[in-house]
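The values are calculated or read from the model by the stated rules, or taken from the named source; none is laboratory data. None of these values were measured; they are calculated from a predicted model. We place every Cβ from the backbone using ideal geometry, glycine too, and count neighbours over all the protein chains shown. Areas reflect the complete protein model, heavy atoms only, side chains present, ligands, DNA and RNA absent. Shrake-Rupley method; radii C 1.70, N 1.55, O 1.52, S 1.80 Å.
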Amino acid sequence: MRTDVQVSRQWRATVAAAQAGDRRALDELVAGWLPLVYNVVGRALNGHADVDDVVQETMLRAVDNLGTLRDPDSFRSWLVAIAMRQIRDRARRRRDRKLDEAVPDGTADFAELTVLRLQLEGQRREVAEAVRWLDAEDRQLVSLWWLEVSGELTRRELAAAVGISRQHAAVRVQRMKERLETSRGIVRALDGACPELRELTARWDGRPDSVWRKRLARHIRGCGYCGDTRDSVVPAERLLVGIALVPVPVGFTLSLLLGGKTAAAAGSVSAGWSAKVLGVLTKPAVAVTAGATIVAGGAYVVVQTPHDPAPRTAVSPTAAVTRAVPQTPVTTPSPSPSTSPSPSASASAAVYGSVVDAVDTAPDPDTRPGALPHRPEGGITSSGGAHAVLNHRGDGVTLSGQGYVLVRWQISPQYRAGSLVMPSWTGLKGKIFHVASGGGRRMDDRVSTTDTSATGMGNSAVGYAVLPSGAQQMWQNEYYYVDGSVTFTVNERGADYGVSVFPSSWDAVEKDVLYGPPEGAIRYGLVRDDGTDAAPVPQYATRSVPADAATVAQRSRV
């Protein structure tokens, strides 16, 4: 962790030079500390569209008031305190206007950016996603605490930024950590939802809030499935040690002309530091620093320097998220004992698309599945983000890239039973395979010890969701491999059902199909992939783009 002394030694001279009106020193100061401010604000506001405005306002105030800073050694805590004031001011303004705090459509939240840009996996990813479930006040605190445990801030600076004593800060942090751990449990439970949790969340819109946090936490406390943790849970502070700052997005522009001041306006400013800075900023010059540029007119633009590695995947303006994993050559592990037949030589030479999903027989309970070939993974981008919830007819998501995708079923016959109109895959460019089925059970397995008629498809009292003739029976979790792009569409019309669509990974698929939950596991899973073009393609898939996705033929030509 960087100490106050180390920070002071590094930045004292720079701050002093910037206060004296040195344009290059100011450029260096802004370039050095913009990422810290961006991370504080981004995490506190969870990537809301206002993040850019609050970051800009913070840096503008810092630039305009730098001359009032008496002790250059306290620059970092002073800057963070300005950021927190701007965050709180923004929150008050929005409360007064009673505006929705949710991330609007088209905005990627900061949890997604953190996972993507830092390539977090496992429990580190879980912590990042759990922040979504915190209330605004806790997110403000976690934005500072995250930087404290990762070595960017001290506890003294955290307390000063919040405006409380170190002792009070310790109490606040402890309470926030307890709610963060509850939220981590929710993220874990949703990743492998039990039947009761699927039913509970059937009408959830997918946006975390305090009401649903309490509901889900109450369910988890009383559920042996969702409340069980097979893997040891590492404390969040240990997971965050040494994690880098989330990079400022390429192309982020920061205008340093406070209040729209121009060179002409600067001339009317009384003599002093502010006038000096505005004067040099409006000169027709360009100063390039590590990752930033101040250009003529005072616009500060984040650029990518030759020393920076190329980003793996850009986040699109449509809240797209990519879960990228290292490129891995195709390998086929030695198969474990399985009832699945080995592909024949003729099958291996099958033309792509000639093998389509067909009705199969469910494996015996707890039958170990065959080996899952590891296809190359470059990352999947989803137009619906990390967790797309599709509940109504016509809801869809476009998947692009190279990697694995999870489609999780949620059937709700208690609201409406009847015949299913299956989801479809349209506009296929490239290839798609149905590689595995998991989640611990098929949807037609029994789900109740008291009602022998109850399955994931319904029961005798409320009715059943009925598959089309010849359709493949789905499991709770269905995994697909995409190499190209395709649009997945829900065609709900008879029975009431919804699905969630997640970018996934080979590791996640293998873990799901090999290891059932400690309680309630009826089956492990089923591997359908043989690593060749003979792996089955979904039944309702086509390269065409029909006006009504529900009209896709059961065995479309791909």
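Quick look at the values:
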{"quantity": "Condition broken by Pro249, with the remaining ones in (1) of a type outside the set (Val, Ile, Thr); (2) surrounded by 15 or more Cβ atoms within 10 Å (Cβ to Cβ); (3) modelled with pLDDT of 75 or more satisfied", "calculated": "(3)"}
{"quantity": "Matching entry among Val435, Val421 (being touching a Gly at 6+ places or on another chain (Cβ under 7 Å) and of a type outside the set (Asp, Glu))", "calculated": "Val421"}
{"quantity": "One residue from Val499, Val552, Val509, Val513 being more than 25 Å from the chain's Cα centre (by Cα), among the aliphatic types (A, V, I, L, M) and open to solvent by less than 30 Å² (accessible area, probe 1.4 Å)", "calculated": "Val552"}
{"quantity": "Cβ-Cβ under 8 Å pairs, at least 6 apart or on other chains, region 386-398 side within 23 Å of Ala130 (Cα to Cα) and open to solvent by 50 Å² or more (accessible area, probe 1.4 Å), far side part of a loop (DSSP other than H, G, I, E, B) and at pLDDT below 85", "calculated": "His387/Gly206"}
{"quantity": "Some residue of region 401-422 being farther than 16 Å from Ala495 by Cβ and open to solvent by 20 Å² or more (accessible area, probe 1.4 Å)", "calculated": "yes"}
{"quantity": "Residues (modelled with pLDDT of 85 or more and acidic (Asp, Glu)) located in region 139-167", "calculated": "Glu148, Glu157"}
{"quantity": "Pairs, first assigned to a helix (DSSP H, G or I) in region 46-64, second among the hydroxyl-bearing types (Ser, Thr, Tyr) and buried (at least 18 other Cβ atoms within 10 Å of the Cβ), C-beta under 7 Å, six or more apart", "calculated": "Val55/Tyr38; Asp64/Ser274"}
{"quantity": "Residues of region 44-61 satisfying the condition of being open to solvent by 10 Å² or more (accessible area, probe 1.4 Å) and either charged (D, E, K, R) or over 26 Å from the mean Cα position of the chain (by Cα) (or both)", "calculated": "Asp50, Asp52, Asp53, Glu57, Leu60, Arg61"}
{"quantity": "Test: residue in region 141-154 that is assigned to a helix (DSSP H, G or I), of a type in the set (Val, Ile, Thr) and closer than 19 Å to Ala91 by Cβ", "calculated": "yes"}
{"quantity": "Any hit, region 131-138, residues being assigned to a helix (DSSP H, G or I), of a type in the set (Lys, Arg), open to solvent by 20 Å² or more (accessible area, probe 1.4 Å) and at pLDDT 90 or above", "calculated": "no"}
{"quantity": "Every residue from region 423-448 that is open to solvent by 10 Å² or more (accessible area, probe 1.4 Å), among the small types (Gly, Ala, Ser) and touching a Ser or Thr at 6+ places or on another chain (Cβ under 8 Å)", "calculated": "Gly427, Gly430"}
{"quantity": "Region 171-211: number of residues that are closer than 16 Å to Gly498 by Cβ, of a type outside the set (D, E, K, R) and open to solvent by less than 40 Å² (accessible area, probe 1.4 Å)", "calculated": "8"}
{"quantity": "Answer from Glu237, Glu181 - the residue that is part of a helix (DSSP H, G or I) and within 19 Å of the chain's Cα centre (by Cα)", "calculated": "Glu181"}
{"quantity": "Residues of region 411-442 satisfying the condition of being of a type in the set (S, T, N, Q) and modelled with pLDDT of 85 or more", "calculated": "Ser419, Ser424, Thr426, Ser437"}
{"quantity": "Residue that is most open to solvent (accessible area, probe 1.4 Å), among those in region 449-496 that are at pLDDT below 90 and under 22 Å from Gly427 (Cβ atoms)", "calculated": "Arg493"}
{"quantity": "Qualifying residue in region 58-73 (condition: hydroxyl-bearing (Ser, Thr, Tyr) and either at positive phi or at pLDDT 85 or above (or both))", "calculated": "yes"}
